[in-house]
Amino acid sequence: MPQIPQTLHELSVGQLSARSGAAVSALHFYESKGLIASTRTSGNQRRYSRDALRRVAFVRAAQRVGIPLATIRDALAELPEERTPNHEDWARLSGAWRKELDERITQLQRLRDHLTDCIGCGCLSLETCVLSNPDDISGERITGSHLMPERKPSS
């Protein structure tokens, strides 16, 4: 059985950009953050294995739902090297993020439901402000707008 030449298994940064929809600068950034890896040709040009396509798609999907790059990098580190992430990998990793996403959704719904009250109060320091001072937590510690940093007493 004839072997497929290695060059067909590798993509240039331009090819990876065109196929993935990610800008070349984004790919360089992903590489600098350890999300994808490349090898270098004798002419010092980057070459990416074909599994980088799936990894870039994984990174972009995770970013769209608000997962931080460090968390994405940790998740990708759990995958075997030189293997394209598959549906089961995505299900396992995304399942771990579900609780965090549910908490963000709850926070965003609370923001949406109380945004008018927040804008109306102006100072953001009312005891009833459920957005910036839920349950008047700040009122128990300090007075005034809790968005201002606490001042340390001068010596």
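The values are calculated or read from the model by the stated rules, or taken from the named source; none is laboratory data. Quick caveat, the model's predicted, so the values are computed rather than measured. Because the Cβ atoms are built from the backbone with ideal geometry, glycine has one as well, and the counts that use them run over all protein chains shown. Note: areas computed on protein heavy atoms with side chains; ligands, DNA, RNA excluded. Shrake-Rupley method; radii C 1.70, N 1.55, O 1.52, S 1.80 Å.
If you scan the range 18-56, which residues turn out to be surrounded by 13 or more Cβ atoms within 10 Å (Cβ to Cβ) and among the β-branched types (V, I, T)?
Those that are surrounded by 13 or more Cβ atoms within 10 Å (Cβ to Cβ) and among the β-branched types (V, I, T): V24, I36, V56.
Among all residue pairs at least 6 apart or on different chains, which show Cβ distances below 9 Å where the first residue, located in the range 41-67, is of a type in the set (F, W, Y) and the second is open to solvent by less than 20 Å² (accessible area, probe 1.4 Å) and assigned to a helix (DSSP H, G or I)?
Y48/L16; Y48/L27; Y48/V56; F58/I72; F58/A75; F58/L76; F58/D89; F58/L93
Of the residues that sit in the range 62-74 and are part of a loop (DSSP other than H, G, I, E, B) and either among the aliphatic types (A, V, I, L, M) or closer than 14 Å to W90 by Cβ (or both), which one is most open to solvent (accessible area, probe 1.4 Å)?
V65
Sort out which residues of the range 36-61 are of a type in the set (D, E, K, R) and in a helix (DSSP H, G or I), and write them in order of number.
D51, R54, R55, R60
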